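The values are calculated or read from the model by the stated rules, or taken from the named source; none is laboratory data. Keep in mind that what you see is a predicted model, and the values were worked out from it rather than measured. Heads up, the Cβs are rebuilt from the backbone with ideal geometry, glycines too, and the neighbour counts pull from every protein chain shown.
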């Protein structure tokens, strides 16, 4: 079955064929459809399109109320190339076709998952391990070179459950403590299921966090001077201390961090990728392009840094970390409070290391004002939460 490159390639016959064998759409032909592009400014690698379907029953041949589904395609912006390089489209298609069925945590139901075949994931993983033997500067130039090579002409498409019936999260607005606890309960459920499991041995396309350390440091070092220059009037001596600490110690931080017990990480666990089912008091997690294998504290720091505003108190963060720990214990995973807090603080430094390049590099196009506002607000929240951290306690003396 052909894979559409854009919404212009989608017609009634394609939708009808894609959904034909799905139990949610039994014995029905699509007679018409409309579409709406949504999510501008919430993601940078893909297009999210809601298809509202009108169909006829094969038994009554009478028009019935339309269903809606989500069509997800690679972005048409310049981010397509970097998305191909990072493998985000293939990773999400493989997630829904190979891994999603065994998850306990809720995700959108997949109806259609297709992509043009590319490199074998085992070979890709081997290549990444080989590249990581080189010095950081060499890896940086390899990454730059990869951006100059035209992306492979591969297509990817997903038809997923429409989550519009649930309450969406909003990263710019943040959330209250109750919503944060609902989200952390789902996070703990995900992490506990794969705690200390050899995920990459089973799914070689789930990349270990440690393989991103050198490339991440190369991008961070390239962006740091621009970030400091652009914000020189607002950066405090404490902020500069944190930034120069990362410049000096990021690789050592990754080394010790990735020696911790690992699990399946969502990799982009923030409010824009969560929907709240208030009737069930649960979350549904979408956007699985950046899932990886690494310590649970990274998802925890990612969510708390992005979701709690500058007005949040340190006691709120402590309460939520304790809540997450209790949820892990509920699923049979015991971790002491001190270890979890260290993992959270170290993870927060790694998130700062990741988010600054999102705003201050030339490769990724942020979508409109909201995309830039997300990045700027996020960095401010991270710096605020790192104010009291004792850097001397992060790495072994």
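What do you reckon, is residue 321 out of contact with any strand residue (DSSP E or B) (no Cβ under 6 Å at 6 or more places or on another chain) and assigned to a loop (DSSP other than H, G, I, E, B)? Criteria not met by residue 321. The set of residues in the stretch 148-174 that are over 19 Å from residue 269 (Cα atoms) and exposed (fewer than 13 other Cβ atoms within 10 Å of the Cβ) comprises 148, 149, 150, 152, 153, 165.
Taken together, the criteria place residue 160 among residues that are within 25 Å of residue 100 (Cβ to Cβ), within 22 Å of the chain's Cα centre (by Cα) and not assigned by TED's automatic domain parsing to the domain that holds residue 256. For residue 263, are the conditions met, namely being assigned by TED's automatic domain parsing to the domain that holds residue 183 and surrounded by fewer than 20 Cβ atoms within 10 Å (Cβ to Cβ)? Criteria not met by residue 263. Residue 177 meets each of the listed conditions (1) touching a helix residue (DSSP H, G or I) at 6+ places or on another chain (Cβ under 7 Å); (2) surrounded by 14 or more Cβ atoms within 10 Å (Cβ to Cβ); (3) not assigned by TED's automatic domain parsing to the domain that holds residue 48 apart from (2). For the stretch 266-284, the set of residues classified as more than 17 Å from residue 375 (Cβ to Cβ) and crowded, with 23+ Cβ neighbours inside 10 Å consists of 266, 274, 283, listed by residue number.
For the structure I just gave you, tell me whether residue 166 is in contact (Cβ under 8 Å) with a residue 40 or more places away in the chain and in contact with a strand residue (DSSP E or B) (Cβ under 7 Å, 6 or more places away or on another chain). For residue 166, the condition - in contact (Cβ under 8 Å) with a residue 40 or more places away in the chain and in contact with a strand residue (DSSP E or B) (Cβ under 7 Å, 6 or more places away or on another chain) - is met.
Filtering 333, 382, 356 for residues that are modelled with pLDDT of 90 or more and not in a helix (DSSP H, G or I) leaves a single hit, 333. Scanning the stretch 124-146 for residues that are more than 11 Å from residue 211 (Cα to Cα) and outside any helix (DSSP H, G or I) returns 134, 135. If I filter the stretch 200-222 for residues that are in contact with a strand residue (DSSP E or B) (Cβ under 6 Å, 6 or more places away or on another chain) and assigned to a helix (DSSP H, G or I), do I get at least one hit? Checked the stretch 200-222: at least one residue is in contact with a strand residue (DSSP E or B) (Cβ under 6 Å, 6 or more places away or on another chain) and assigned to a helix (DSSP H, G or I).
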